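Step one of this worksheet: look at the structure below.
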Amino acid sequence: MQLKRLIGINGGTFDPIHFGHLRPALEVLNALHLDEMRFVPAYQPVHRDTPQVSAEQRCEMIELAIKNQPKFKLDRIEIEMGGPSYMVQTLEKLKQQESDAMLVLMMGTDAFAKFDTWRDWQRILKLANLVVTHRPGEPVPSEGEIGRIFHHRWVPNLTQEAGQIVDLPITQLDLSATALRSYLTHGDPVDYLMPESVARYIKEHKLYR
Ligand code: ATP
């Protein structure tokens, strides 16, 4: 299995990208020895409000944020597909494009808690493994359908192509794009919460005002 290329998938709205997206991605990359980590901004997220800034601007902010990390890549696949962004479609397409690779989809415990509401989640588990990263105030689900999925599929290390779930107690950063948008709207500083280059871009383009 380890001969395959390992590609991490970090999906999200990235409205805007912040250190709570970046540091976990680096820790997942290193812990699971991934060959690369793809940042996949949703074009039209299905489980939440429409992003405040355009897909192109969210991409530009990601590009600035990941510029110095060679294994981090921006993947515009959901933006090119257009319409509502369903992870199952994204993974199907990536699997066609990268037939020699094993996909590892990362998500925080908050996202995983709702994973059983995602379209065709069973199919997602046929296309990829999951890494669930711990997020402040969001325990790893232990009850209900999601608790059952977790206990049934949890492994200490990935040994198969797909369908396994690992969890990773990464450095806890109590940050969210919602909080950052609120700071920006109120003109509060966002220093040390997101890359300087992204903060500068937001200022130059007068975003989130
Ligand atoms: P919003 O506040 O707008 O909902 P967000 O900051 O939660 O946004 P998204 O772009 O929706 O970020 O993030 C998608 C993914 O990033 C999810 O899997 C989420 O769990 C993860 N994530 C976001 N912030 C953190 C954080 N501080 N620590 C760990 N994971 C995070």
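The values are calculated or read from the model by the stated rules, or taken from the named source; none is laboratory data. Everything numeric here is computed off the predicted structure, so don't read it as measured data. Glycine also receives a Cβ, built like all others from the backbone with ideal geometry; neighbour counts cover every protein chain displayed. Only protein heavy atoms, including side chains, enter the accessible area calculation; ligands, DNA and RNA are left aside. Shrake-Rupley method; radii C 1.70, N 1.55, O 1.52, S 1.80 Å.
Things to note:
- Among the residues examined, K93 does not qualify as touching a strand residue (DSSP E or B) at 6+ places or on another chain (Cβ under 7 Å) and either touching a residue at least 12 places away in the same chain (Cβ under 8 Å) or more than 16 Å from the ligand (Cβ to nearest atom) (or both).
- Where a residue in the stretch 135-155 is open to solvent by 80 Å² or more (accessible area, probe 1.4 Å) and its partner, wherever it lies, is of a type in the set (A, V, I, L, M, F, W, C) and modelled with pLDDT of 95 or more, with Cβ under 7 Å and at least six apart: W154/I165
- Between R38, R48, the distinction of being in a loop (DSSP other than H, G, I, E, B), within 16 Å of the ligand (Cβ to nearest atom) and either in contact with a Ser or Thr (Cβ under 8 Å, 6 or more places away or on another chain) or in contact (Cβ under 8 Å) with a residue 12 or more places away in the chain (or both) belongs to R48 only.
- Residue match in the stretch 175-184 (condition: polar (S, T, N, Q), open to solvent by 60 Å² or more (accessible area, probe 1.4 Å), in a helix (DSSP H, G or I) and within 12 Å of the ligand (Cβ to nearest atom)): yes
- Selection count, the stretch 185-207, where residues are within 11 Å of the ligand (Cβ to nearest atom) and buried (at least 19 other Cβ atoms within 10 Å of the Cβ): 1
- Qualifying residue in the stretch 137-154 (condition: within 14 Å of the ligand (Cβ to nearest atom) and under 13 Å from the mean Cα position of the chain (by Cα)): no
- Count of the stretch 80-108 residues which are part of a helix (DSSP H, G or I), β-branched (V, I, T) and surrounded by 19 or more Cβ atoms within 10 Å (Cβ to Cβ): 1
- Candidates are the residues of the stretch 2-28 that are assigned to a strand (DSSP E or B) and not basic (K, R); the one that is farthest from the ligand (Cβ to nearest atom) is L6.
- Considering the stretch 109-132, and only residues there that are open to solvent by less than 60 Å² (accessible area, probe 1.4 Å) and polar (S, T, N, Q), the residue that is farthest from A177 (Cα to Cα) turns out to be N129.
- Residue within the stretch 42-60 that is surrounded by 23 or more Cβ atoms within 10 Å (Cβ to Cβ) and within 22 Å of W118 (Cα to Cα) present: yes
- Residue match in the stretch 3-17 (condition: without any contact (Cβ under 8 Å) to a residue 12 or more places away in the chain and either in contact with a helix residue (DSSP H, G or I) (Cβ under 8 Å, 6 or more places away or on another chain) or within 25 Å of E204 (Cα to Cα) (or both)): no
Residue-wise test of (1) over 21 Å from K93 (Cα atoms); (2) among the β-branched types (V, I, T).
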{"residue": "I17", "(1), (2)": "yes, yes"}
{"residue": "G20", "(1), (2)": "yes, no"}
{"residue": "M37", "(1), (2)": "no, no"}
{"residue": "V40", "(1), (2)": "no, yes"}
{"residue": "R48", "(1), (2)": "yes, no"}
